[in-house]
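Reviewing the structure listed below.
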Amino acid sequence: MIYRFGSFELDTVRFELRLDGAVRPLEPQVYAVLALLIENRERLISVDELIDKVWNGRPISDAAVSSRIRSARQALGDDGTRQQYIRTLPRRGFRFVAQVRAAREAEPTLLPVEPAARPSIAVLPFTLLAAPGPYATIADAVPHELISELARQRWLFVTARGSSFRFRGPEVDLAEAGRLLGVRYCLGGFVEIAGDRLTVAVELVDVRDGGVVWADRFSGAVDEVHDFRAQILARILAALEIRIPQHEADRARLSVSDSLDAWAAYHVGLQHMFRFNSRDNRAASELFGQALAQDPHFARACAGLSFVHFQTAFMGQADDPDGEIALARRYAERALDLDPLDPFVNFAMGRSYWLEGDLDTGLGWLQRATAISPNYAQGIYALAWTETLAGDTAQGRAHVDLAMQLSPIDPLHYAMLATRALTHLMQREYGDAARWANRAAHSPGAHVLIAMIAAAANALAGDEAQARAWARNVRKRDPRLGRENFFRAFPMRSAPHRAAIAAELARLGL
């Protein structure tokens, strides 16, 4: 967008102030102050809002604000007496008062495209809120790398860079850009460099209604830009893996069940699947079956059915657990035939080996899942769990910490906490094990087997009252569960650890 006033132009695409076509140099914060005032010229900008938008809410002295206002006025040939462009309202704030004409640069005409059948996304170039400098390329580099990584997610259709990067600048409407590109979601953001700090903010919009699905802000030291960039990519990718399916499921629930298409049925099924109880597991099975009936080549629906049968055996809900394990394997194999490069499919295959105690084979599949998608938090968690059960607690702890960092709101977050507890349990750090296990068992969605871990950990830590409280919780929730179910679900390789835990569970009546 170009804003014209008097003989000046403020170009928000090139981040320039021009006088009769000649660029007037501005410090980044001075430019940001001027742009904020001009873009909101119809109203007063308070000092608090100015600090929040320009300095990200950091404590700033009144003198620093006054200095930037004074510099902006000087660039415009204005001063505090005339206030021809920027007016100060004492104790209230500032307002841009000159007449402004706004114009967009000429853009190629684009016609809306029909959205893809499965969830789809366009990642736009980020807006740089600073003068071009040595780190300016990050505004293009991060979106470009996101497109490359998201393209590896087989469940998601991703618009190519050549199309999405045609939409550039702070005035771009994400929803409108997404409609023109024919996607359901559009991701945009901005990059600000202020002193030695670099801030990246992102926003995910549902194109269908313009609503914000998710937004976040990341900040780090500018001289650590490469490590910071890698962290941002990992966090965004992990968030999209969770947020888009959740949002798809929420929208699908507004539809009549019989009219759900394959993708909507699958996403609603995921929400039921992660609740780890028999009723929701049956609902998930029906929805995955519905999705597969509509699309027999839907690999993730097959993987979902594998997860359902794994869960039935894992939770001790089946009269024929061996039959459930066989079904989990069969659906995972079918999913692999359909899409061998989907990380969730490989995840399902790896977990199908857990309940047979074949940790080495399961580990191989989970390593493959995370090699395909290095930021797949649930795959990394499952890898950590398997490593820990196999006795590699150091690697397990490193992986579960990474999984929690990548996906702090994951529906399996309680299981990640329980894995951290198990790493301490295997190291005989019983106090730490109890603390992590209590956190896990108290977390939303934690199933009854997590309470059994808490009972064992507290017993080994010597907290008899807490151990017996968790044992009562287990018996109340599922009186059938006992040590046999526990070790079928958690096939620990170490005989001494199995014996220690079994003794405590027996003493607690489990």
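The values are calculated or read from the model by the stated rules, or taken from the named source; none is laboratory data. Since we're looking at a predicted model, the values are computed, not measured. Here the Cβ is made from the backbone with ideal geometry for all residues, glycine too, and neighbour counts use every protein chain on show. Remember, those area values only see protein heavy atoms, side chains included, never the ligands or the DNA or RNA. Shrake-Rupley method; radii C 1.70, N 1.55, O 1.52, S 1.80 Å.
Whenever a residue of region 384-405 is surrounded by fewer than 21 Cβ atoms within 10 Å (Cβ to Cβ) and assigned to a loop (DSSP other than H, G, I, E, B), its partners that are modelled with pLDDT under 95 and basic (K, R), lying with C-beta atoms within less than 8 angstrom and at least six residues away or across chains, give the pairs A390/R493; G391/R493.
State yes or no: is R243 under 13 Å from the mean Cα position of the chain (by Cα) and free of Cβ contacts under 8 Å to residues at least 40 places away in the same chain?
yes
Within region 33-55, being over 18 Å from T88 (Cβ atoms) and in contact with a helix residue (DSSP H, G or I) (Cβ under 8 Å, 6 or more places away or on another chain) holds for one residue alone: W55. Suppose the filter is within 21 Å of the chain's Cα centre (by Cα), farther than 27 Å from Y31 by Cβ and buried (at least 16 other Cβ atoms within 10 Å of the Cβ); does R229 pass it? Answer is no for this residue. Scanning region 345-383 for residues that are outside any helix (DSSP H, G or I) and among the aromatic types (F, W, Y) yields Y353, Y376.
The residues of region 194-215 that are in contact (Cβ under 8 Å) with a residue 12 or more places away in the chain, surrounded by fewer than 16 Cβ atoms within 10 Å (Cβ to Cβ) and under 19 Å from the mean Cα position of the chain (by Cα) amount to a single one, A215. Scanning region 331-355 for residues that are open to solvent by 10 Å² or more (accessible area, probe 1.4 Å) and more than 24 Å from G316 (Cα to Cα) turns up R334, L336, D337, L338, D339, P340, L341.
Can you confirm whether L26 is closer than 22 Å to T199 by Cα and without any contact (Cβ under 8 Å) to a residue 40 or more places away in the chain? No: the conditions fail for L26. Annotation note: of E145, E176, E149, the sole residue that is modelled with pLDDT of 75 or more, surrounded by fewer than 17 Cβ atoms within 10 Å (Cβ to Cβ) and not in a loop (DSSP other than H, G, I, E, B) is E176.
When D339, D392 are checked against the criterion of being modelled with pLDDT of 90 or more and of a type in the set (D, E), a single residue qualifies: D392.
Yes/no per residue for (1) aliphatic (A, V, I, L, M); (2) at pLDDT 90 or above; (3) more than 22 Å from Q395 (Cα to Cα):
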{"site": "E324", "(1), (2), (3)": "no, yes, yes"}
{"site": "A328", "(1), (2), (3)": "yes, yes, yes"}
{"site": "A332", "(1), (2), (3)": "yes, yes, yes"}
{"site": "A335", "(1), (2), (3)": "yes, yes, yes"}
{"site": "V345", "(1), (2), (3)": "yes, yes, yes"}
{"site": "W365", "(1), (2), (3)": "no, yes, no"}
{"site": "P374", "(1), (2), (3)": "no, no, no"}
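Within region 10-28, identify whether any single residue is surrounded by 18 or more Cβ atoms within 10 Å (Cβ to Cβ), touching a Phe, Trp or Tyr at 6+ places or on another chain (Cβ under 8 Å) and at positive phi, and answer yes or no. Scanning region 10-28, I find at least one residue that is surrounded by 18 or more Cβ atoms within 10 Å (Cβ to Cβ), touching a Phe, Trp or Tyr at 6+ places or on another chain (Cβ under 8 Å) and at positive phi, so the answer is yes. Which one is modelled with the lowest pLDDT, of the residues in region 246-266 that are among the polar types (S, T, N, Q) and surrounded by 13 or more Cβ atoms within 10 Å (Cβ to Cβ)? The selected residue is S257. Per this entry, F94 is counted among residues that are in contact with a Ser or Thr (Cβ under 8 Å, 6 or more places away or on another chain) and either under 28 Å from L124 (Cβ atoms) or at pLDDT 85 or above (or both). Within region 293-311, restricting attention to residues that are open to solvent by 20 Å² or more (accessible area, probe 1.4 Å) and touching a residue at least 12 places away in the same chain (Cβ under 8 Å), which residue is farthest from W263 (Cα to Cα)? So the residue we want is H309.
Applying a threshold of 7 Å to beta carbon distances and a minimum spacing of six or more residues, or different chains, the list of pairs starting in region 483-509 at a residue that is of a type in the set (S, T, N, Q) and ending at one that is surrounded by fewer than 19 Cβ atoms within 10 Å (Cβ to Cβ) reads N485/G316; S494/G391.
Would you check if there is a residue in region 381-393 being in contact with a Lys or Arg (Cβ under 9 Å, 6 or more places away or on another chain) and among the aromatic types (F, W, Y)? No, region 381-393 contains no residue that is in contact with a Lys or Arg (Cβ under 9 Å, 6 or more places away or on another chain) and among the aromatic types (F, W, Y).
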